[in-house]
Amino acid sequence: MARSLLYPPPLPCNSDDGDKRQEYSDQSKSSSSSSSFTSQLSLPSVPSLTPHPGSTLEHAATSAAAAAHHHCLATLKGHSSYIFSLSVAGKHLYSGASNGEIRAWDRNPSSSTHSHNTVTEAHCSAVKSIAVLGEKLITAHQDHKIRIYKIHNNQKYRLITTLPTVTDGCMRLFSAKNYVETRRHVKRTWVHHADAVSSLALSENGSLLYSVSWDRSIKVWRTSDFKCVESLHNAHEDAINAVVLSSDGHVYTASADKTIKVWKKQDGTKKVKHALVCTLEKHSSSVNALALSGGDAPVLYSGACDRSIIVWEKGGGAAGWAVAGALRGHKKAILCLGVVSDLVCSGSADKTVRVWRRGCGNSYSCLAVLEGHNSPVKCLTAASDNNFNYHKNNNINNCCQNSYLVYSGGLDFDIKVWQIRVSSS
């Protein structure tokens, strides 16, 4: 299978920091013509949603950016390899690294010690994605597996199973119809991923877990017993990099084949079954990240190696989605996206995080460019700043502002915590 060059391969656990940085440097140089870390042409056919210089909207965007305040609250250190995944749940921030280490941090960066719990030590299988369901921590890995940890009250973590479970896997072994061809002359049971599991997403009620992989498949797991209930084989023509779900049951997948596909769970059937609704084609290179805003008028954001974030709006076009335009400003590939409230956050191979906000009509303004990482920003997540928002009514200077925390993980081994304060209007 032609694999996306977005992600460097997992690194040896016994290599020192210098060797790791050198290996990454050498790889990015050797693949400079096609890697996502190089600047590819943007999309000239897609209109820009950032205002033109000198326009009324440009002045409004400038005012909005001036009214926003941002700074780095903390840099969380301790990982000894690339930060590949981040997730906020409850009081904690979970981070996964390229050497397989998973850590749990206090999501409140006010602590001067920035203490953490180690969920699991390094074991040479990169952590590609993290999801949390109640007292269960779910992680996706480079070694084709999904691991489930039990979160105990004392913040101790115990591995309880690996997907597919032994029972689920064994049940499929003895029937030829349970095998699919994962690559030429190689067959595996349909419940097994055959390449890195790149992204995870949970249904709104938590009953289903979705996993996507570089093996081009989408798998659906029932969370009550973690049985695999469906597999969409060859869902894309190349590696699948991201998956997000909407509250109405639609599933969105992004691939190195330059497309985004929309899937819908079929009603009225006993078995879980999804069908393809439409394929969204506009990017000129590997689509690396997706984010979805909720509300009555959902908006889908896609980031790719072409340096553009395409904004898709529902209700237009034959496929039900239409391109509203693109957010431009990053100088290299878009590697990750996140949405919190009316803000869109993007991380890039250009080592920056940008924070965008929708203004009048379809116009967007870039509120902040967060600089501080020394390497590409591989992952990010964002959440409301509960401490600030809880106390803002006690401070007249803060009463008209909302505050958000953006967590970014880089290939410099660091996690940075940024505070973004914007006007409430």
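Beyond 25 Å between alpha-carbons counts as too far, so tell me which of Lys91/Lys331; Lys145/Lys331; Lys128/Lys261; Lys150/Lys265; Lys219/Lys331; Lys150/Lys227 fall in that bin.
Exceeds cut-off: Lys91/Lys331; Lys145/Lys331; Lys150/Lys265; Lys219/Lys331.
Which net charge results when you count Lys and Arg as +1 and Asp and Glu as -1 among the other residues whose beta-carbon is under 15 Å from that of Val323?
Once positives and negatives cancel, what remains is +1.
If r is the Cβ-Cβ distance from Asp106 to Asp342 and R0 is 22 Å, what FRET efficiency results, to the nearest 0.05?
In this case the efficiency is close to 0.25.
Sort 79-92, 223-236 for me by packing, meaning the mean count of neighbouring Cβ atoms within 10 Å per residue, highest on top.
Packing order, densest peptide first, comes out as 79-92, 223-236.
Rg to Rh for the range 243-347: what is it, with Cα atoms only and Rh by Kirkwood?
My calculation of the ratio gives 0.97.
With the crude spin-label approximation of a point 7 Å out along Cα→Cβ, what separation in nm comes out for Ser207 versus Val166?
Going by the 7 Å Cα→Cβ label model, 3.0 nm.
May I ask for the net charge around Tyr149, where only other residues with Cβ less than 12 Å from the Cβ of Tyr149 are counted and Lys, Arg are +1 while Asp, Glu are -1?
So the environment of Tyr149 carries a net charge of +4.
Would you mind telling me the share, in percent, of accessible area of the range 304-379 contributed by carbon and sulfur at probe 1.4 angstrom?
46 percent
Cβ under 14 Å from Val355's Cβ, Val355 left aside: what net charge do those residues give with Lys, Arg +1 and Asp, Glu -1?
+2
The values are calculated or read from the model by the stated rules, or taken from the named source; none is laboratory data. Bear in mind that the values here come from a model prediction, so they are computed numbers and not experimental data. Don't worry about glycine lacking a Cβ; one is built from the backbone with ideal geometry, like all the others, and counts go over all protein chains shown. For accessibility, only protein heavy atoms count, side chains too; no ligands or nucleic acids. Shrake-Rupley method; radii C 1.70, N 1.55, O 1.52, S 1.80 Å.
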